Amino acid sequence: MVRPSDFAAARDRLVRELVAEGDIRSPRVQEAFIQVPREEFVRSGDRSAAYADVPLPIGEGQTISAPSMIAIMLEEARLAPGEKVLEIGTGSGYHAALLACLVGAENVTSIERIPALAVWGQENLARSGFGGVTVVQGDGSLGYPAGAPYDCILATAGSPRIPEPWPRQLAAQGRIVAPIGASRFGQDLVIARLRPAGSLEIRRGTPCAFVPLVGEQAWPSS
Ligand code: SAH
């Protein structure tokens with residue numbers, strides 16, 4: 001049995017590592033990682049591995065990303081308090097909790113395709129004090145027009161291209177941070193920004209390996 005103080009010490013150690021490696025670069029992202037108990041978002045048998053910098057299985061063939069990858073995405077998103085964010089792929093809810101620390105839970109909507117994960121992610125968020133995050137079940141490759149416009153759409157599953165509905169759901173200066181690649185299991189992290197004229201300015205970042213985004217505007221289900 002791992003004691004709560006052990007988790008806190010492990011969390012501090014991981015955050016120091018992520019800062020030393022340059023994955024966490026800003027005090028706000030660092031503070032978010034300190035605030036969110038990752039052990040509450042992994043399966044009960046994996047709690048002792050919660051602060052290793054590795055992806056972990058969360059059931060239904062899906063994984064919670066490694067903390068270093070999440071840190072890179074959060075730094076690229078450059079979120080300011082009060083900005084509205086749509087996360088595609090709730091999974092465990094961990095990434096959504098970090099987003100809530102950065103912009104306020106009431107400004108985070110997260111959409112998940114698999115019903116059982118949407119329920120589990122929502123439960124994890126509520127138990128950890130992030131019940132203000134809106135979790136919806138549905139196909140995030142279509143975005144979520146009901147909550148638009150968003151300052152940032154951040155995807156935690158990989159798509160062959162930026163789904164066509166996403167840019168239309170962005171606010172002025174809105175960003176998309178998403179793994180995009182021609183393979184179902186390997187992508188580059190893409191950072192896109194909406195130009196005033198409506199087109200996207202696109203930058204390719206680090207190679208990464210996310211589970212596939214399965215949906216009408218992304219990969220087919222089989
Ligand atoms: N952000 C999550 C990572 C989960 S892995 C976390 O912190 O744990 C990616 C998730 O994307 C999986 O749960 C998968 O079911 C979900 N997903 C895949 N395609 C999707 C789609 N079209 N819409 C919404 N979620 C999707």
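As an exercise, find the ratio Rg/Rh for the stretch 1-105 from alpha-carbon atoms, using the Kirkwood inverse-distance average for Rh. Intermediate values should be presented prior to the final figure.
Details: Rg = 13.2 Å, Rh = 14.0 Å.
My calculation puts Rg/Rh at 0.94.
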If each Cα of the stretch 130-182 is one equal point scatterer, what is log10 of I(q)/I(0) from the Debye formula at q = 0.22, 0.27 Å⁻¹? -0.88, -1.20
Net charge contributed by nearby residues that have their C-beta within less than 14 Å of Ser110 (K/R +1, D/E -1): -3
If I take the Cα coordinates of the stretch 10-56 and project them onto the principal axes, what are the three extents in Å, biggest first? 31, 18, 15
Can you list which of the GluC sites (Glu not before Pro) found in the stretch 43-144 are DSSP loop residues with at most 15 other C-beta atoms within 10 Å? Glu60
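Rank these by accessible area, largest first, 1.4 Å probe: Tyr94, Tyr144. Don't skip to the end; give the middle numbers.
Details: Tyr94 5, Tyr144 65 Å².
The ranking, largest first, comes out as Tyr144, Tyr94.
Over the stretch 22-181, average the accessible area per residue using a 1.4 Å probe and give it in Å², no decimals.
35
If you average the sequence gap of Cα pairs under 8 Å that are 6 or more apart and divide by the length of the stretch 140-222, what percent do you get for the contact order? Numbers along the way, then the final one.
On the way: 195 pairs, mean separation 25.8, N = 83.
Across the stretch 140-222, relative contact order equals 31 percent.
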Against the longest principal axis of the chain, how steep is helix 4-20, in degrees 0 to 90 to the nearest 10, with axes from Cα atoms? 50
Which value in deg cm²/dmol, rounded to the nearest 500, describes the helix-derived mean residue ellipticity at 222 nm for the chain, given -39,500 (n - 2.57) per DSSP H run of n ≥ 4 and division by the residue count? -8500 deg cm²/dmol
Once neighbouring chains are kept in place and the probe is 1.4 Å, which whole percent of the accessible area of the stretch 135-194 is contributed by carbon and sulfur? 56
Give me the one-decimal nm value for the distance between modelled label points at Ala197 and Ala172, 7 Å along each residue's Cα-to-Cβ direction. 1.8
What figure, in Å² to the nearest 10, do you get for the accessible area of Ser26 with a 1.4 Å probe and non-protein molecules left out? 30
Write down the Å³ per residue value for the convex hull defined by the alpha carbon atoms of the chain. 108
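The values are calculated or read from the model by the stated rules, or taken from the named source; none is laboratory data. Since this is a predicted model, take the numbers as computed values, not measurements. Because the Cβ atoms are built from the backbone with ideal geometry, glycine has one as well, and the counts that use them run over all protein chains shown. Accessible surface areas use protein heavy atoms only, side chains included; no ligands, DNA or RNA. Shrake-Rupley method; radii C 1.70, N 1.55, O 1.52, S 1.80 Å.
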